[in-house]
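The values are calculated or read from the model by the stated rules, or taken from the named source; none is laboratory data. None of these values were measured; they are calculated from a predicted model. Heads up, the Cβs are rebuilt from the backbone with ideal geometry, glycines too, and the neighbour counts pull from every protein chain shown. The area values use the complete protein model at the heavy-atom level, side chains included, leaving out ligands, DNA and RNA. Shrake-Rupley method; radii C 1.70, N 1.55, O 1.52, S 1.80 Å.
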Amino acid sequence: MDLPRFTAAAVQAAPVYLDTAATVDKAVSLIAEAAAAGAELVVFPEAFVPGYPYWNWTMNPVQGSPWFERLHRAAIDVPGPYVDQLRAAARQYGVVLVIGVNERGPHSLGVLYNTLLTIGPDGTLLGVHRKLVPTWAEKLTWTGGDGSSLKVHQTPVGPLGALACGENTNTLARFALLAQGELVHASCYIALPVAPADYDMAEAIAVRTAAHSFEGKVFSVVACSTISPEIVDAVAGEDEEVRRLFARPRSALSGIFGPDGRPVTEPLVDTEGIVLAEIDLSRCIQPKQMHDIVGHYNRFDVFRLHVDNRPHTPVTFATDPSPATPPHATTHRTTPKEDA
């Protein structure tokens, strides 16, 4: 049995804040840069297009409401022209691409999704995963997704799954991917300097990534955004306390972790850049002899996970709206000529 061996890239970068066209152009440039370095898998941060709603952490909901409108106007439609541009880039450079976007809900002006797009090297849109549960202050902006997108995709770099930020703390979501045969996991994060003072975001990302890699005996590619001066100026303005928050160190970490839970190469902390490393999926085999939590190292007669993978919509219409025949009514059977 041959398992893929390839170079993966974790992109740590800031968007061109709330500028959708410029951010997608930046993403395409970074895809080209990663591909030129040999990458066949390129992973971007969550909500990269066109940025994260930091105002939820620094303003009250009334102050943040106009910012919600700005983000909604800058969000993208899936499918849509910006998705087509990203698909074309994946196809041009022959990479598997995972990238976070703000997706407009097609049915409501009040709905935005924190969405991860997975795109194949031929430009096929393989997956549209909407973050299941927005974390903490994010609930002021994003609507939760459903289980229909909790999928592992068969790609040239192996069985690939993806989760956004805090979802990587959700044990059952992670298990649902592992149980579908995931061997490569994309973890997409944002820099979080506005977290509580005793919270080390870089350490938290490393702990979560190491845990999933070790528990599942998989490779994890973790990509986190950074804080640009433009983000600070836009959200903090002249508020010195908020500007001080945004200057906190160790708010972002990106890297690649192996099935032993250790980084394959030195992670990148805080600064923009691309982390590259070789992934050899054959390294996942021997560790699974010790702990295969979706195989022999489980008791499926004791533990069972049920996942509702049906798409959930706000309204369901019957496919046949014709009323039932009333009792005692005479049924008139038409001939083909009458039907005509």
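The residues in segment 60-77 that are under 15 Å from Glu138 (Cβ atoms) and either in contact with a Pro (Cβ under 9 Å, 6 or more places away or on another chain) or open to solvent by less than 10 Å² (accessible area, probe 1.4 Å) (or both) can be counted, and the count is 5. Of Ala89, Ala39, Ala47, all but one fail to be touching a strand residue (DSSP E or B) at 6+ places or on another chain (Cβ under 8 Å), more than 30 Å from Val194 (Cα to Cα) and outside any helix (DSSP H, G or I); the exception is Ala39. The residue pairs whose first member lies in segment 8-22 and is free of Cβ contacts under 8 Å to residues at least 60 places away in the same chain, whose second member is open to solvent by 10 Å² or more (accessible area, probe 1.4 Å) and assigned to a loop (DSSP other than H, G, I, E, B), and whose beta carbons are closer than 8 Å, counting only pairs six or more residues apart or on different chains, are Ala22/Val16. I'd like to check something: does segment 51-59 contain any residue that is free of Cβ contacts under 8 Å to residues at least 24 places away in the same chain and either touching a strand residue (DSSP E or B) at 6+ places or on another chain (Cβ under 8 Å) or open to solvent by less than 40 Å² (accessible area, probe 1.4 Å) (or both)? So far as segment 51-59 goes, no, none of its residues is free of Cβ contacts under 8 Å to residues at least 24 places away in the same chain and either touching a strand residue (DSSP E or B) at 6+ places or on another chain (Cβ under 8 Å) or open to solvent by less than 40 Å² (accessible area, probe 1.4 Å) (or both).
Elements of the type strands (runs of 3 or more DSSP E) sitting completely within segment 143-192 and holding at least 3 residues that are in contact with a Phe, Trp or Tyr (Cβ under 9 Å, 6 or more places away or on another chain): these cover 184-189. Looking across segment 196-227, the residues that are out of contact with any Leu (no Cβ under 9 Å at 6 or more places or on another chain) and touching a residue at least 24 places away in the same chain (Cβ under 8 Å) come down to Asp200, Arg208, Ala210, Ala211, Ser213, Phe214, Ser220, Ala223, Ser225, Thr226, Ile227. So Asp308 clears everything in (1) open to solvent by 60 Å² or more (accessible area, probe 1.4 Å); (2) within 25 Å of Gly127 (Cα to Cα); (3) among the charged types (D, E, K, R); (4) assigned to a loop (DSSP other than H, G, I, E, B) except one condition, right? Which one? It is condition (1) that Asp308 fails. Taking segment 198-219 as the range and being among the small types (Gly, Ala, Ser) and either in contact with a Phe, Trp or Tyr (Cβ under 9 Å, 6 or more places away or on another chain) or buried (at least 18 other Cβ atoms within 10 Å of the Cβ) (or both) as the test, the residues that pass are Ala202, Ala204, Ala206, Ala210, Ser213, Gly216.
Say we look at segment 2-31 and pick out the residues that are assigned to a loop (DSSP other than H, G, I, E, B) and not aliphatic (A, V, I, L, M); which of these is surrounded by the most Cβ atoms within 10 Å (Cβ to Cβ)? Among residues in segment 2-31 that are assigned to a loop (DSSP other than H, G, I, E, B) and not aliphatic (A, V, I, L, M), the one surrounded by the most Cβ atoms within 10 Å (Cβ to Cβ) is Pro15.
In segment 236-251, the condition of being polar (S, T, N, Q) and surrounded by fewer than 19 Cβ atoms within 10 Å (Cβ to Cβ) is met by no residue.
Here is a yes/no grid of residues against (1) assigned to a helix (DSSP H, G or I); (2) open to solvent by 80 Å² or more (accessible area, probe 1.4 Å):
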position: Val221; (1), (2): no, no
position: Asp233; (1), (2): yes, yes
position: Glu266; (1), (2): no, yes
position: Val275; (1), (2): no, no
position: His296; (1), (2): no, yes
position: Val302; (1), (2): no, yes
position: Thr316; (1), (2): no, yes
position: Thr319; (1), (2): no, yes
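For (1) more than 17 Å from His312 (Cβ to Cβ); (2) out of contact with any Leu (no Cβ under 8 Å at 6 or more places or on another chain); (3) without any contact (Cβ under 8 Å) to a residue 60 or more places away in the chain; (4) open to solvent by less than 10 Å² (accessible area, probe 1.4 Å), each residue gets a yes or a no:
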position	(1), (2), (3), (4)
Pro79	yes, no, yes, no
Gln85	yes, yes, no, no
Ala90	yes, no, yes, yes
Val96	yes, no, no, yes
Ile99	yes, no, no, yes
Asn114	no, yes, no, yes
Thr124	yes, yes, yes, no
Pro159	yes, no, yes, no
